């Protein structure tokens, strides 16, 4: 996606994931840092799901920390 707002929110979420994985911040702090990305991700997923006639994928902080790229 070429949306700079989405990319900035994603970069912040990736930073939060890395900080959490190194133990620099708590899970709650990481979750708070990912809030903007969660909202944008869910909106984007809903648009894509409607376009293709499927159920939207919801953002999960736990899954993003474990598998997010």
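Quick check, is residue 27 touching a helix residue (DSSP H, G or I) at 6+ places or on another chain (Cβ under 8 Å), closer than 22 Å to residue 4 by Cβ and without any contact (Cβ under 8 Å) to a residue 40 or more places away in the chain? Show your work before the answer.
Details: touching a helix residue (DSSP H, G or I) at 6+ places or on another chain (Cβ under 8 Å): yes; closer than 22 Å to residue 4 by Cβ: no; without any contact (Cβ under 8 Å) to a residue 40 or more places away in the chain: yes.
So residue 27 fails the test.
Would you check which residues across the range 33-69 are assigned to a helix (DSSP H, G or I), without any contact (Cβ under 8 Å) to a residue 12 or more places away in the chain and more than 18 Å from residue 3 (Cα to Cα) and list them?
Those that are assigned to a helix (DSSP H, G or I), without any contact (Cβ under 8 Å) to a residue 12 or more places away in the chain and more than 18 Å from residue 3 (Cα to Cα): 49, 50, 51, 52, 62, 63, 66, 67.
Looking at residue 7, is it part of a helix (DSSP H, G or I) and out of contact with any helix residue (DSSP H, G or I) (no Cβ under 8 Å at 6 or more places or on another chain)?
Values: part of a helix (DSSP H, G or I): yes; out of contact with any helix residue (DSSP H, G or I) (no Cβ under 8 Å at 6 or more places or on another chain): yes.
For residue 7, the condition - part of a helix (DSSP H, G or I) and out of contact with any helix residue (DSSP H, G or I) (no Cβ under 8 Å at 6 or more places or on another chain) - is met.
Select from the range 15-28 the residues that are surrounded by 16 or more Cβ atoms within 10 Å (Cβ to Cβ) and assigned to a helix (DSSP H, G or I) and list them in ascending order.
Residues satisfying the conditions are 16, 17, 20.
Every read-out reported here was derived from the displayed coordinates using simple, explicitly stated rules and does not represent laboratory data. Being a predicted model, the structure only gives us computed values, none of them experimental. Positions of Cβ are generated from backbone atoms using ideal geometry, with glycine treated the same way; all protein chains shown enter the neighbour counts.
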